[in-house]
Amino acid sequence: MRFDTLSDLKNYKNEISQKQDKGKEIWICGGPGCVANGSMAIAEEFIKALGNKSSSDENTSLWHSIKVLIRPEEKETEKLIRTGITGCMGPCENGPVVHVEPDGLYYQKVTVDDIEGIIGSIKENIPYKAKAMSGLDDKPAEVPSAENIPFLAKQKKIILGKMSTMSPLDLEDYIAHGGYSGLIRALESMAPEEICNEIKASGLRGRGGGGFPTGVKWESCRNSASEMRYVLVNGDEGDPGAFMDRALMEGDPYSVIEGLTIGAYAIGSSEGIIYVRHEYPLAVKRLANAIKNLEEAGLLGTNILGTGFDFHVEICEGGGSFVCGESTALMTSIEGKPGVPRVKYIRSTERGLWESPTVLNNVETWANVPHIITNGSEWFRSIGTENNSGTKVFALVGKVKNTGLVEVPMGTTLRQIIYDIGGGVAQKRPFKAVQTGGPSGGCLPASMLDTPVDFDSLTEAGSMMGSGGMIVMDDRTCMVDIARYFIDFLVEESCGKCVPCREGLKKMQMILHDLTNGKGREGDTKALEDLAEDISDTSLCALGQSAANPVLSTIKYFKEEYIEHEKEHFCRSGVCQGMFRIKIDEEKCKSCGLCSKNCPADTIEKLDSGKYCIKQEGCIRCGACFEVCPFSSVDIVNEVIDDD
Amino acid sequence: MIEITINDIPLKVEKGTTILHAAQANGIDIPTLCNHEGLTLDGNCRLCSVEIEDMGNKKIVASCMFPITRNISVETETERVRRARNTVLQLLVNRNPKAPIIQQLCAKYGVDREERFALEPDLCIRCGRCVRACEAGGTKAIELVGRGFDRHVAPPYELETDACIGCLSCATVCPTGKITYEETPGKRKIWYKEFDVLQCKRCGIYFATKEMLDWAGRPENDRDHCNHCQKYIESVKFLTESQKK
Ligand SMILES: Cc1cc2nc3c(=O)[nH]c(=O)nc-3n(C[C@H](O)[C@H](O)[C@H](O)COP(=O)(O)O)c2cc1C
Ligand code: SF4
Ligand code: SF4
Ligand code: SF4
Ligand code: SF4
Ligand code: FES
Ligand code: FES
């Protein structure tokens, strides 16, 4: 496959779109969650069951085709059937996931034992009930297609759209699913300035966290006089728990590179670098494979599609520290120096990598570009809200029923994401808070659940969009302890260059450790607030400038917990060791005995009254009884309060 | 020329001048630590923080780094600046209580060490002046290693390094006295490495390590005299020769 001119590629696209019967496809999720749950073995077995020998090395990621008999309405037709591995399909909690096309059916928690059944159901052209993904009311859907599965139905998958139905290795697949329409349109009918204007008009804002208007950035770089300009992909993704960018790079690497190519053409660059953290070896492999295929196909390299446009892409494996995601640190790291931020009073679009004008965008930002150029800025603006157009991908994790990768239009509320898509808090426990924005973000309480998810609303609420981590927390989460967790993380990840971040976060950590160890002192909460303000005022880079957000947002919404930790040395969530005791309220106890059955220390005894009571000497304060009691008769009380 | 104000005093400055230089040229005092005129800028101590108003936005910036490119107004003594400065000093004195420069600045700005947050005393404030001085000489023998709180200055792998020529530039620019060295007649020890120091055959001072002269490319047959005596000998030679003519 090689395209020397624009018409070569257009003709090829025409040919595939006219191909009528595409046969059946069995897609096995090869995302990180499903692989961990054994999806690769399932893929192997599918291949074997269909009568093919799996080939060596990359076999599980390659696809093959064989013929089987299919029976629509008693008529036997010969059809092609293809098995393939995709990137993450989204519903990771319920993996391994198998997706059958063109029927669009989703099966969850598939095991090797289901293979025969799934193949049989394809032959019969009916859904395979046993592992159908859940519809409403948590029952397996009659027809498990996306529109009947709440987790999928409420999403709008543009960026993730192709990911459940194509092989991330296969350039043909990408092109067959609409890939490279954007580059064709750009090269064929748009001047570079027009592309910058189109991106500006689309209202696309950086998905890496800051929400800076992408088109404005491109234009400013384009207008900086220089021989050399660079386009960079930020694939550092250092937020704990986040995996959106990883999923994209592993599951749809071509879309990121197509976006990058369009960007390079728009700003007048011939060199692109994809910076990926080295903990993502599969992303590196998939991207490298994509680059190789694109070079062979003539979609990267010199004189692309005969237009005279040259563009080369390289991968740079980052050291993998959180701060390397910061723009100046990332560039310093690419230059071969330790990834430490630089003072940035001159924009990277004027003086960036190797002192040349540079555009750095997040993985997801780049992946939006082909869609905007293909469908136009007006289409893009029709999705999302006024100042926040398009969709956003989130990694929904924590104490939520359906964890996974979700994509929603900007402006969707937190409640819709957590309840309609996520299915609510796991184990039906009370919701306490949702953390967005990673270590630079914040925690929002139940009263803020109707906040629309967009850059401005989240910032206003005291959190941040960040790159798309969303961690749901239940009532067994201590907010002071959460703040401690993030500050511990940042103390580890601070580069240590500037005084406020290096020494200030350490001081903050000392206060938070005192608070969570029952050594809080009067005034600590106020001291944290003051210190937070000073650190954000004076730190050199955005890591330090935003580091206090987890502390400030938890103080803002959960001040009473801080005060309890500070003054009473009490942790109401039953998390901070030595700062609480578990007690059964005799009045409320309904004598069901569930607590006693679940107590790992066997320290709950039945009183003569039939009620249950905890023998405190043996209690290890695990909270199991608190969590299982169906009548909320178990309380978390202050350690030092005497029994009455 | 760009018109700005510092503490309401109108000034005209060359485009690209840093706020610190503009202030210094006009007798306005801004404390600094990591900044050193002979070295590249780094902006890491944040002690030189000032508050600027730039197109309606008020913010704290590091004056040693901030280039003046627009009409801005600068304030060096607002409440916000005082807090920023005192926080920096507070954090430093908690860890570096024995560094004379920190003691002096804390006395000047009224900052005391906090017992609760007192860390194991260390002299190094991680300003990196030593590293930049060594780099400026072209030797690059030491670097800032480790991340976050553990960041510190060391030669590669914390071992004696061939790159070090024993020039003492690092120790000379260190504001805190962290970098120590031993000097005995004919011997010098710094960064785990021992050097022979050559003695001037004329005046008798110990003037340079062998490695410094190697680095400078001074030929083996021309290492008998210190710079001063070298010059003296040359001028005597010159005078005698011109008298002969
Ligand atoms: C400490 C820190 C870590 C960051 N990590 C990332 C990251 O992992 N990925 C990312 O895209 N942006 C990250 N950013 C934001 C980048 O600095 C930069 O703003 C972004 O890559 C620009 O791209 P965008 O406009 O497309 O969002 C980080 C910023 C900071 C301060
Ligand atoms: S704010 Fe933190 S991460 Fe950024 S330069 Fe300073 S020490 Fe390094
Ligand atoms: S907290 Fe845990 S150990 Fe204590 S009584 Fe309850 S279940 Fe038993
Ligand atoms: S003494 Fe060694 S480490 Fe110090 S500046 Fe000279 S060469 Fe560098
Ligand atoms: S040794 Fe001295 S010059 Fe070097 S970083 Fe420490 S305080 Fe600064
Ligand atoms: S990894 Fe399979 S659905 Fe996410
Ligand atoms: S003197 Fe300006 S930051 Fe150190």
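The values are calculated or read from the model by the stated rules, or taken from the named source; none is laboratory data. Remember, it's a predicted structure, so these values are computed and weren't measured experimentally. Positions of Cβ are backbone-derived with ideal geometry, glycine not excepted, and every protein chain shown enters the neighbour counts. When the accessible area is computed, the model is the full protein with side chains, heavy atoms only, and any ligands, DNA or RNA have been set aside. Shrake-Rupley method; radii C 1.70, N 1.55, O 1.52, S 1.80 Å.
Evaluate E = 1/(1 + (r/R0)^6) for residue B:122 and residue B:234, where r is the Cβ-Cβ distance and R0 equals 51 Å; express this FRET efficiency to the nearest 0.05.
Numbers: r = 46 Å, r/R0 = 0.91.
Efficiency for this residue pair is about 0.65.
For A:278, B:225, give the ranking by accessible area with the largest first, probe 1.4 Å. Intermediate results must be reported in sequence, preceding the final value.
Values: A:278 95, B:225 45 Å².
Solvent-accessible surface, decreasing: A:278, B:225.
Toward the positive end of the charge dipole of chain B, about the Cα centre and with charges on Cβ (Lys, Arg +1; Asp, Glu -1), which of B:185, B:200, B:19 goes farthest?
B:200
Threshold 50 Å², probe 1.4 Å: give the residues of the stretch B:88-102, in number order, that are less accessible with all protein chains present than with their chain alone.
Residues passing the criterion (a loss of at least 50 Å², heavy atoms only) are B:91.
Hey, what do the phi angles of the stretch A:302-319 turn into as Karplus ³J(HN,Hα) couplings, whole Hz, using 6.51/-1.76/1.60 and θ = phi - 60°, x for Gly and Pro?
Each residue of the stretch A:302-319 in turn: 9, 6, 4, 6, x, 9, x, 8, 9, 7, 10, 10, 10, 10, 10, 8, x, x Hz.
Suppose all protein chains stay in the model; what accessible area per residue would a 1.4 Å probe give for the protein assembly as shown, in Å²? Please list the in-between numbers first.
Numbers: 38110 Å² over 889 residues.
The answer is 43 Å² per residue.
With N set to the residue count of the protein assembly as shown, report its C-alpha Rg divided by 2.2 N^0.38 Å to two decimal places.
Relative to the 2.2 N^0.38 Å estimate, the protein assembly as shown comes out at 1.12.
Roughly how large is the B-A contact in terms of buried accessible area, totalled over both chains, probe 1.4 Å, nearest 100 Å²?
So the buried area, both faces added, is about 2900 Å².
Report the net charge of residues surrounding residue A:341, where surrounding means a beta-carbon distance below 9 angstrom and charges are Lys +1, Arg +1, Asp -1, Glu -1.
Charge balance in the 9 Å sphere: +2.
Please compute the modelled spin-label separation between residue B:55 and residue A:143, points set 7 Å along Cα→Cβ, answer in nm with one decimal.
Distance between label points: 5.5 nm.
Please work out how much length the chain gains when fully extended from residue B:220 to residue B:205, using 0.36 nm per residue of separation minus the C-alpha to C-alpha distance, in nm with one decimal.
3.5 nm
Please check the stretch A:508-548 for residues whose accessible area, probe 1.4 Å, is lower by 10 Å² or more when all protein chains are in place than in their chain alone.
By number: A:510, A:511, A:514, A:521, A:524, A:530, A:531, A:533, A:534, A:537, A:538, A:540.
Between rounded, prolate and oblate, where does the stretch A:165-265 land on the alpha carbon gyration tensor, with a ≥ b ≥ c its root eigenvalues, rounded for a/c under 1.5, else prolate if a/b exceeds b/c? All intermediate terms of the calculation are to be shown ahead of the outcome.
Numbers: a/c = 1.99, a/b = 1.20, b/c = 1.66.
Oblate, because a/c is 1.5 or more while a/b does not exceed b/c.
In deg cm²/dmol, rounded to 500, what helix-only [θ] at 222 nm does chain A give when every DSSP H run of at least 4 residues adds -39500 (n - 2.57) and the total is split over its residues?
It lands at -10000 deg cm²/dmol.
Grab the other residues whose beta carbon is less than 12 angstrom from that of residue B:161, score K and R as +1, D and E as -1, and report the net.
-3
Can you give the accessible area of residue B:189 in Å² (nearest 10), computed on protein heavy atoms with a 1.4 Å probe?
Around 80 Å² of this residue is reachable by solvent.
Could you compute how much accessible surface residue A:123 exposes when probed at 1.4 Å, giving the result in Å² to the nearest 10?
80 Å²
Farthest toward the dipole's positive end in the stretch A:479-568, which of A:479, A:545, A:512, given Cβ charges of +1 (Lys, Arg) and -1 (Asp, Glu) about the Cα centre?
A:545
As a quick test, which of the pairs A:337/B:140; A:79/A:109; A:583/A:611; A:217/A:497 have an alpha carbon distance above 18 angstrom in this structure?
Checking Cα-Cα distances, A:79/A:109; A:217/A:497 exceed 18 Å.
For residue A:316, what residues show an amide H to amide H distance below 5 Å, using hydrogens built from the backbone and excluding near sequence neighbours?
A:274, A:275, A:276
Just how large is the dipole of the protein assembly as shown about the Cα centre, in debye to the nearest 20, putting +1 at every Lys and Arg Cβ and -1 at every Asp and Glu Cβ?
Here the size comes out at about 1500 debye.
Quick check on the stretch A:297-423: take the gyration tensor over C-alpha atoms, sort the square-rooted eigenvalues as a ≥ b ≥ c, and tell me if it's rounded (a/c under 1.5), prolate or oblate.
Judged from the Cα gyration tensor, the stretch A:297-423 comes out oblate (a/c at least 1.5, b/c at or above a/b).
Please sort by residue number the GluC sites (Glu not before Pro) in the stretch A:552-615 whose DSSP state is loop and whose Cβ has at most 11 other Cβ atoms within 10 Å.
Passing sites in the stretch A:552-615 are A:587.
Keeping every protein chain in place, order B:173, A:575 by accessible area at 1.4 Å, biggest value first, i.e. largest first.
Heavy-atom accessible area, descending, gives A:575, B:173.
Would you work out which of A:303, A:171, A:225 lies farthest towards the positive end of the dipole of chain A, given +1 charges on the beta-carbon of Lys and Arg and -1 on that of Asp and Glu, about the Cα centre?
With unit charges placed on the Cβ atoms, the residue in question is A:171.
Reachable aspartates and glutamates from residue B:244, Cα under 16 Å, same-chain residues fewer than 8 places away excluded?
Of all the aspartates and glutamates, those that pass the test against residue B:244 - Cα under 16 Å, at least 8 places apart if same chain - are B:234.
Please report the base-10 log of the normalised intensity I(q)/I(0) for the stretch A:445-525, using a Debye sum with one equal scatterer per alpha carbon and no solvent, at each q in 0.13, 0.21 (1/Å).
-0.56, -1.12
Within the accessible area of the protein assembly as shown, what % is carbon and sulfur when the probe is 1.4 Å and the other protein chains stay in place?
In the protein assembly as shown, the share of accessible area belonging to carbon and sulfur is 49 percent.
Tell me, in nm to one decimal, what length is gained between residue A:36 and residue A:314 on full extension, where the rule is 0.36 nm per residue of separation less the Cα-Cα distance? Write out the running numbers ahead of the final one.
On the way: separation 278, 0.36 × 278 = 100.08 nm, distance 2.90 nm.
Taking residue A:36 through residue A:314 to full extension adds about 97.2 nm, to one decimal.
Could you pull out every residue, at least 5 positions away or on a different chain, whose amide H is within less than 5 Å of the one on residue A:612? Hs are placed 1.01 Å off N in the peptide plane, and Pro or chain starts have none.
Under 5 Å from the amide H of residue A:612 lie the amide H atoms of A:591, A:607, each far enough along the sequence or on another chain.
Please work out the Cα convex hull volume for the stretch B:34-187 and give it in Å³ per residue.
Dividing the Cα hull volume of the stretch B:34-187 by its residue count gives 147 Å³.
Taking amide H positions as placed in the peptide plane 1.01 Å from N, state which residues far from residue A:392 in sequence (5 or more) or on other chains have amide H under 5 Å from it.
A:408, A:410
How many angstrom separate the Cα center of the stretch A:325-396 from the Cα center of the stretch B:228-245?
Result: 66 Å between the Cα centres.
By accessible area of protein heavy atoms, probe 1.4 Å, what ranking do A:107, B:109 get, highest first?
In descending accessible area the options line up as B:109, A:107.
For residue B:201, which lysines qualify as cross-link partners when the Cα separation must be under 16 Å and same-chain residues fewer than eight apart are set aside?
B:210, B:231
Taking θ as phi - 60°, what are the ³J(HN,Hα) couplings along the stretch A:188-204 by the Karplus curve (6.51, -1.76, 1.60), each to the nearest whole Hz, with x for Gly and Pro?
Once rounded to whole Hz, the list reads 7, 10, 10, 7, x, 4, 4, 5, 4, 5, 5, 5, 4, 5, 5, x, 4.
Based on Cβ point charges of +1 for Lys and Arg and -1 for Asp and Glu, what charge dipole magnitude is obtained for the stretch A:391-474 about its Cα centre, in debye rounded to the nearest 20?
The calculation lands at about 420 debye.
Compute the FRET efficiency between residue A:303 and residue A:156 as 1/(1 + (r/R0)^6), taking r as their Cβ-Cβ distance and R0 = 45 Å, and round to the nearest 0.05.
On the way: r = 38 Å, r/R0 = 0.84.
With a Förster radius of 45 Å, E is 0.75.
So how much slack lies between residue B:194 and residue B:140, counting 0.36 nm per residue of separation and subtracting their Cα-Cα distance, in nm?
17.7 nm
State the Cα centre-to-centre distance between the stretch B:80-99 and the stretch A:502-579 in whole Å.
The two parts, judged by their Cα centres, are 20 Å apart.
Enumerate the calculated ³J(HN,Hα) couplings along the stretch A:548-561 in order (Karplus 6.51 cos²θ - 1.76 cosθ + 1.60, θ = phi - 60°), each rounded to whole Hz, writing x wherever the residue is Gly or Pro.
Coupling constants for the stretch A:548-561: 7, 3, x, 6, 4, 5, 6, 5, 4, 9, 10, 4, 4, 5 Hz.
What size of dipole, in debye to the nearest 20, comes out for the stretch A:581-637 about its Cα centre when the only charges are +1 on Lys and Arg C-beta atoms and -1 on Asp and Glu C-beta atoms? Walk me through the numbers before you get to the answer.
Details: 9 positive and 9 negative charges, 16 e Å.
Approximately 80 debye in magnitude.
Quick one: if you stick a label point 7 Å off each Cα along the C-beta vector at residue A:447 and residue A:510, how many nm between them?
3.4 nm
Net charge near residue B:15: determine it from the other residues with C-beta under 13 Å of the C-beta of residue B:15, scoring Lys and Arg +1 and Asp and Glu -1.
Charge balance in the 13 Å sphere: 0.
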